[in-house]
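Have a look at the structure below before the remarks.
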Amino acid sequence: MSKLSVHIETFGCQMNVSDSERVAAKLLDSGFELTDAADSADVILLNTCSIREKAEQKVFQRVGQIKHQRAERQPLVGVMGCVAQLEGEAIFNSSTTVQLVAGTGATERIPSLLERVRGGETRVLDLGEREEWAGFEIPTALRHSRHVAFVPIIEGCNKFCTYCIVPYSRGRERSRQAFEIVEEVQKLWAAGFQEIQLIGQNVNSYRPKSEKGLEGFSGATPFSRLLRAVASEGIPRIKFTTSFPRDFHADIVEAMEEHENLCNWVHLPVQSGNNRVLRAMRRGHKVEDYLEKVETIKNSRRAISLTSDVIVGFPGESKEEFEDTLRLTEKSEFHGLYIFKYSKRRGTPAAKLDDDVSPDEKARRFLALESLQMSIQSKIYMEYVGRKVEVLAEGFSARSQSDLTGHTTCQKVVNFRADKEVIGKVVKVHVTEAKAHSLFGQLV
Ligand code: 5AD
Ligand code: SF4
């Protein structure tokens, strides 16, 4: 039989990007071909996100598009990831185009599941658990970048914040063994990667089954021991995301102070600046606890940049409660803030509450917070003008082939004029201009 060509489309977070890399590697290993061309692919795999309603709608829109675009020869469509895990069999009923539904644990089994479809089965479903991550390598060419690599360290979530679907779509927290993570980082460094990002829904809740790989490393929590273990491998840049406030121990900042290659960026979602709302969200932290962590981060001798997530219009959030979020935002001086309008997720505890903040009011709160954040952020970004920053040159900028783009250690996007020879290197850039979400400069 000829090789089937597979086109993978990824929606959502870094964990999905990472899963797509793994599927691609598994497919190639099992005799499939990969293609960038959706139009001519035999198989289209959609790796889906369900964090908000809009993300979920995108998937069904895409399935509809595929169905209508290709009347003469239908590709086989597979739905994987979070929507697959949550909706399961129901996806087959909503669309006859979809022949494979593979949940978040089935990533590694997709090649054999596709073989079953090829063998004549029309509705192949796998909502089983993930096999071990161990002993499995992703070839450099299949990574989303040749310079920055995602390394999953923990999957799932046990926190059950009342608005959030993740504990249901990704299951309970499972940590990868430290020695495996360290080994993967060693290999990535040897393969020429300059930066790794340790990823997980809550990286600082990291709790592996054993201390293997962490022996000899100090730290108040397994996560800070892991940071020290990974940092001592010498790869130039290590970032980690996302951190959970309640488990954010000061020792993480200490580890960053000890190791230059632990980059000065922390993403610490706060979600709300009001204690009643935080309680209703079941976040496990108060405003005061959060601000204490902010102080620890700001008082560090490393210039750590702090970014966060906020939800506006959670059920029952009053105008005054929302204004507390404005106040917290002002105090925290975030370098970046992702703002989301509350979106009701079926099956979560908050779905039982009345989604009573009107769409207009959610939009108003969104804009008010965004405008405040932009005024804070523009001041922070302006302070970079005239300074020299170290940037990992990751490729051409989206706008122009004569400019390159990359990130600072504090996760700012920097576009700069330079020759393509420097791609893949950490270079010094003189910042000449600050834009809303990026900096512009010249190679030094
Ligand atoms: N509605 C809106 N935003 C949400 N997030 C998670 N669940 C929801 C929801 N139901 C946001 C949170 C989280 C980010 C990844 O997505 O801010 O930190
Ligand atoms: Fe969702 Fe809360 Fe878990 Fe984050 S910590 S993934 S917001 S349940």
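The values are calculated or read from the model by the stated rules, or taken from the named source; none is laboratory data. The model shown is predicted, which means the values in this text are computed figures rather than measured ones. Here the Cβ is made from the backbone with ideal geometry for all residues, glycine too, and neighbour counts use every protein chain on show. Remember, those area values only see protein heavy atoms, side chains included, never the ligands or the DNA or RNA. Shrake-Rupley method; radii C 1.70, N 1.55, O 1.52, S 1.80 Å.
Brief remarks on what is shown
- When residues in segment 300-340 are screened for being of a type in the set (Asp, Glu) and either closer than 20 Å to Asn264 by Cα or not assigned by TED's automatic domain parsing to the domain that holds Asp354 (or both), 2 of them pass.
- The set of residues in segment 157-184 being closer than 21 Å to Glu87 by Cβ, more than 7 Å from ligand 2 (Cβ to nearest atom) and either free of Cβ contacts under 8 Å to residues at least 24 places away in the same chain or crowded, with 20+ Cβ neighbours inside 10 Å (or both) consists of Tyr163, Ile165, Ser169, Arg170, Arg172.
- Test: residue in segment 38-45 that is part of a strand (DSSP E or B) and either surrounded by fewer than 20 Cβ atoms within 10 Å (Cβ to Cβ) or out of contact with any Asp or Glu (no Cβ under 9 Å at 6 or more places or on another chain) (or both): yes
- Any chance Arg246 is outside any loop (DSSP other than H, G, I, E, B) and within 16 Å of ligand 2 (Cβ to nearest atom): yes
- Out of Ser218, Ser272, sole residue that is more than 16 Å from ligand 1 (Cβ to nearest atom), of a type in the set (Ser, Thr, Tyr) and either more than 27 Å from Thr140 (Cα to Cα) or not assigned by TED's automatic domain parsing to the domain that holds Glu333 (or both): Ser218
- Considering residues of segment 193-236 that are of a type in the set (Val, Ile, Thr) and part of a strand (DSSP E or B) only, the residue surrounded by the fewest Cβ atoms within 10 Å (Cβ to Cβ): Ile199
- Tallying residues that are part of a helix (DSSP H, G or I) and in contact (Cβ under 8 Å) with a residue 40 or more places away in the chain within segment 249-268 yields 5.
- All strands (runs of 3 or more DSSP E) inside segment 314-426 with 3 or more residues being at pLDDT 95 or above and not β-branched (Val, Ile, Thr): 336-341, 388-396, 403-407
- The set of residues in segment 410-442 that are touching an Asp or Glu at 6+ places or on another chain (Cβ under 8 Å) and open to solvent by 40 Å² or more (accessible area, probe 1.4 Å) comprises Arg417, Ile423, Val426, Lys428.
- Subset of segment 84-131 (residues that are among the hydroxyl-bearing types (Ser, Thr, Tyr), open to solvent by less than 30 Å² (accessible area, probe 1.4 Å) and in contact (Cβ under 8 Å) with a residue 40 or more places away in the chain): Thr104, Thr107
- Verdict on Arg282 being within 16 Å of ligand 2 (Cβ to nearest atom) and surrounded by fewer than 15 Cβ atoms within 10 Å (Cβ to Cβ): yes
- Apart from one condition, Arg62 fits all of (1) farther than 25 Å from Ile154 by Cα; (2) among the basic types (Lys, Arg); (3) surrounded by 15 or more Cβ atoms within 10 Å (Cβ to Cβ); (4) without any contact (Cβ under 8 Å) to a residue 40 or more places away in the chain; the exception is (4).
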